[in-house]
Structure formats: structure tokens, C-alpha cells
1. Out of region 515-536, which residues are without any contact (Cβ under 8 Å) to a residue 60 or more places away in the chain and acidic (Asp, Glu)?
2. If a residue must be of a type in the set (A, V, I, L, M, F, W, C), open to solvent by less than 50 Å² (accessible area, probe 1.4 Å) and in contact with a Phe, Trp or Tyr (Cβ under 9 Å, 6 or more places away or on another chain), how many such residues does region 373-411 contain?
3. How about region 515-529: which of its residues are closer than 20 Å to residue 323 by Cα and open to solvent by 40 Å² or more (accessible area, probe 1.4 Å)?
4. Is region 109-126 home to any residue that is modelled with pLDDT of 95 or more, more than 24 Å from the chain's Cα centre (by Cα) and under 25 Å from residue 66 (Cβ atoms)?
5. Please list, ordered by first then second residue, the pairs with beta carbon atoms under 6 Å, 6 or more apart or interchain, first in region 392-420 and closer than 18 Å to residue 218 by Cα, second small (Gly, Ala, Ser) and modelled with pLDDT of 95 or more.
6. Picking from 427, 414, 432, 343, which residue would you name as being of a type in the set (S, T, N, Q) and open to solvent by 60 Å² or more (accessible area, probe 1.4 Å)?
7. Among the residues of region 83-92, are any crowded, with 20+ Cβ neighbours inside 10 Å, acidic (Asp, Glu) and either closer than 20 Å to residue 245 by Cα or within 25 Å of the chain's Cα centre (by Cα) (or both)?
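The values are calculated or read from the model by the stated rules, or taken from the named source; none is laboratory data. This one's a predicted model, so the numbers in the text were calculated from it and none came from an experiment. Cβ coordinates were reconstructed from backbone atoms using ideal geometry, including for glycine residues, and neighbour counts include every protein chain displayed. To get the accessible areas, we keep the full protein, side chains included, count just its heavy atoms, and leave off ligands, DNA and RNA. Shrake-Rupley method; radii C 1.70, N 1.55, O 1.52, S 1.80 Å.
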Amino acid sequence: MRIAARDDYDELHGTFRWLVPERFNIAEACCARWAGKARRTAIVVDHGDGRIERVAYRRIHDDANRLANALAALGVHRGDRVAVVLPQRPETAVAHMAIYRLGAVAMPLSILFGPDALRFRLDDSAAVAAIVDAEYLGNLRAARGESVRHVVVVPAPGECPALHGGEHDYVALLARARDRCGAVDTRAADPAVLIYTSGTTGAPKGALIPHCALIGNLSGFVASQNWFPRPRDVFWSPADWAWTGGLMDALLPALYFGHPIVAQRARFSPERAFALLERHHVTNTFLFPTALKMMMKHAPEPRARHRLALRAVMSAGEAVGETLFDWCRDALGVTVNEMFGQTEVNYVVGNSAQRWPARPGSIGRAYPGHRVAILDDDGHELPPGQLGEIAVHRLDRHGHPDPVFFLGYWGNDTATQAKFSGDWCRTGDLATADPDGYLWYGGRADDMFKAAGYRIGPGEIESCLVRHPAVANAAVVPRPDAERGNVIKAFVVLAPGHVASPALVEQLQQHVRGKLAPYEYPKVIEFIDELPMTTTGKVQRRVLREREQAAAGGQ
């Protein structure tokens, strides 16, 4: 649905105040307070075979109490790290609520991680226990170190794998445990979640997130979802609940407001996405730009084939760009609300089509409660129009503490200190700001490069390439060149029905030449089956850059 443009931005910021209680626990806010309403649905499980399961808040609450009691009996104490290796399923929410109730720290880990990735995080965090889906037990066994004393295995319905020493069947544990458990009295600033960064630019670091960070996320969530919740709102996102985008931008905010969220564990596909949106009357969603690109190529005119109930689409992780912005507006009938944030300071910048007009190509303005600026290398604020690093201040515009901040990197004080310039938290992402406070994304600081003396940001070129009907996705990196330092190279994934050819290379180059500056067209184009991606859906340009550097070194 299109929403008439209005601009309440200054009023919203001027009247907004953070209300952060001294004592706060995510489990109480997201589950316990809704448990008294026995029929209130928390999670709608789409099994993918026609079976739909509705799980009530009451069941999540009771099972979380049982699991908390069981974990306590196994020796899990306040402050201990507990790994959660689960897909989108009700037990994931149960695990988080149980861990929070104990005052322990949930460490969500992607089911896509292999043994090496798991081992690094388990060892670095000194996790004492893990809760794992039976399908991924083999990887966890291979990664399990000395610190992980107990593993709780969540089986598929009717299945129980053979267990080894220190492994426990989830169903059997809950059957023996009491369904009453008093929650630990946590401060809002106490640690709740340990999320390891995706490692797009180096070794992953564990960002320690306090309970109150959920509150810090809510102003952006409400705004980007066009004032969620409304009666009968239903949320869905393919974002993995092990990542900030799935946990803090989807699962926990939906549960905080007592509304249902759809869960499905199948690999993302545009066909399945449209089917889920239609079948469950999804009103609100978070879709990565990569997912939106796939959906756009699959169904250029989706409303001709699907009855959609969408009223808000948030997108983040990569720049949306004008191509996707226009498609969402014209084809989905929804102005996409782009959002910017990161694990350490999430949901801080974005749009809200209902309350202030979006500007195509802009990632939006600081959400109410957050003070954002563009800084130079020395930590000084830059005026409008100058490219610099996006930074978030510890205090809002009224001088009050912003609850969105992480507590620091686990066991890495040096990295924590390097993240800040005084009270400014530096994001590592570049942008310019216009006089009205809209930010225009310039890419990761380490994704920028110079070619023939020109400073190049890959996002605009990639967006332009995707606008061509033959391109499903694209990534732009520098290719070392003896004469010009670098030339622009594009890795292109072709849309179905298109074949690589020299003629298509020339066509794509002319396509970019006609829309951007003459120096921005890719001098080299390589067609590739798929781009290297993080498990959060971000293109790993670093991998492509290193590949080009290695090739140049070999030559």
C-alpha cells in the first residue's frame, strides 16, 4: 500500500524520550507478559508440506521455564554463555527465553556454520553448553571443545538420535523439569546476547549485547514497519534468527509486541517467499536486498499472480538502490523502508514512509532516539555533502543515554576502544548527509577504492547493473592495473534465460555508461554462477578483492 508523504520527523525527534527501566529482562518483556492469554499465537510454523502449526505464547513460556530449570540442573549459571544452533523453529524462541530467565547469555550461531566456524566461537566465548538441532549435531560434535560440558539436542518430531557423553535429549529434559521458574532479576544493562560479527573484513568479534538494546531497537523497528503493530499484523522474514537481522529485527521485536511471526526453515527462494507472504497474510517483513532482487527477477509484476497483504517492507544489509526502490513502490505497492545498523549499534538510521518521505537512493535519517553524524578520520563532524564515516553518539539529542549500544567486544578491549572516537561509535560504513539529514550510503570504508584517480563506491554501479534485465546480482571490486592503479571489475550473476557473451559484456558496459559517470562503467565483466555471501546475506567483496589481487600477483 502506498502511504501519502508527510513529514513528522522533527516533531517525532523533539518529543521522543527513552523510557528504560533499571530492571529489565527480555524473556519477561517478550514472552511472560503475554503468557496469560492462552490462545495468543507467538509463532506460526510453516512446515513446507502443507502443515501449519500455531504455537501459543503460553507454550513458549512454559517450555522456557522447563528448559531453564533443566539448564540450571546441568550447572548453567548467571553470566554463562550458552550456544544456540537452531533454525527458525519454536524451540529457538524457547531456548532464548530460558537463557534470559537464568540471567545467562545466549550465543546464537548459524546452522550454516561448519566445524571450524563453530569451534572458533565456542572456544573464544568459553561457552559452557549448547542447544543444537539434531540435523546439525555432527558439526557441533566436531567443534566441541573442553568448555562445552553439555549439549541439548532438539530432535525432529518423533526422532531421537543416538546420544554421546554429555548430550541430552531436549524432549526428555523438558518432560522431567518443572514448568515454573522464577526469572533472575536482571538490570537493563546486564548482558543478554553474544553475537559474533559476520567477519566480512576480518576475524569475527563477539559483540556483547545488553537486555536494554532491544528497547534501543524498537523506535527504528516501529518506524520502519510503518508503526507496527496494528491489529492482525503478521511478521515474517527469511533472516536467520541466529543473526542480528533475524533476532533483533524480526523475532524479538515481534514477540515484544505480542504478535505472531512466521517460521520456516527451508532455503530461501522467491517462489516460496511469495507463497508464504500470501498464505499467511503477512503484513510486515524484513527482506535483504539480495532477496528482493531475486523476487524482482522472478515476478516483475507480483500482484498479478499473488494476493498480498503487505503494508511495510524493511530492507537492510546492503544498499537497496533506486532499482529495487522503484520496483517495491510500483510492483509491490509498498515504499520500501531502507534501514542501516550493525550488530554493535543496530536499527539507528532508516526510513518510515508513513511519517517522513523517503528519498530514492537514501538510507534515511536517524531514527528517533539516536544521534547520528558523519565523521572524518580524526573524529570531527563533517558538513553536508562530504563523504565520511557514519557514527552514533552515546547520548541522544536531549543528552540522554541511548540504550542501543553494545557493551563491548568479548575479551577484546583493544577492539572495543578502537570502535569509538570519544562518545562516537564508528560503524566503518561511509556516507554523505544532505542538509535535511538524509544519509546517502557510500559503502564500507574497506570497499571503497580508486581507479584512474577517481574514488569508486561499488553500490551505485551494482544497483545500475541489476537494473538491466539480464542481471540477477552483481558485485564490483578493484582489479589491479599497472597503469591506472585499479580498473573497475564487475562480477555478474545472470538472470534465468540469459547467456554470457562478449555482446552482453558490451551491452552491460554501455548500460552503465549511459546512466552513471563515464569513469564508473566496469572495464572488466566476469560472469559467475553465484557471489560469495556471508550467512547474513551480504556480498563478501573482500573474497573477490583478494581473488583479483592474487591473480594480479600471479601475473
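1. Hits for region 515-536 are 526, 529, 530.
2. 6
3. 515, 518 - these are the residues of region 515-529 that are closer than 20 Å to residue 323 by Cα and open to solvent by 40 Å² or more (accessible area, probe 1.4 Å).
4. No, region 109-126 contains no residue that is modelled with pLDDT of 95 or more, more than 24 Å from the chain's Cα centre (by Cα) and under 25 Å from residue 66 (Cβ atoms).
5. Here the result reads 396/369; 403/216; 404/213; 404/216; 406/207, each pair linking region 392-420 to a residue that is small (Gly, Ala, Ser) and modelled with pLDDT of 95 or more.
6. On inspection, the qualifying residue turns out to be 414.
7. Looking through region 83-92, at least one residue is crowded, with 20+ Cβ neighbours inside 10 Å, acidic (Asp, Glu) and either closer than 20 Å to residue 245 by Cα or within 25 Å of the chain's Cα centre (by Cα) (or both).
Residue by residue, here is whether (1) in contact with a helix residue (DSSP H, G or I) (Cβ under 6 Å, 6 or more places away or on another chain); (2) at pLDDT 95 or above holds:
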residue	(1), (2)
18	no, yes
23	no, yes
29	yes, yes
43	yes, yes
48	no, no
63	yes, yes
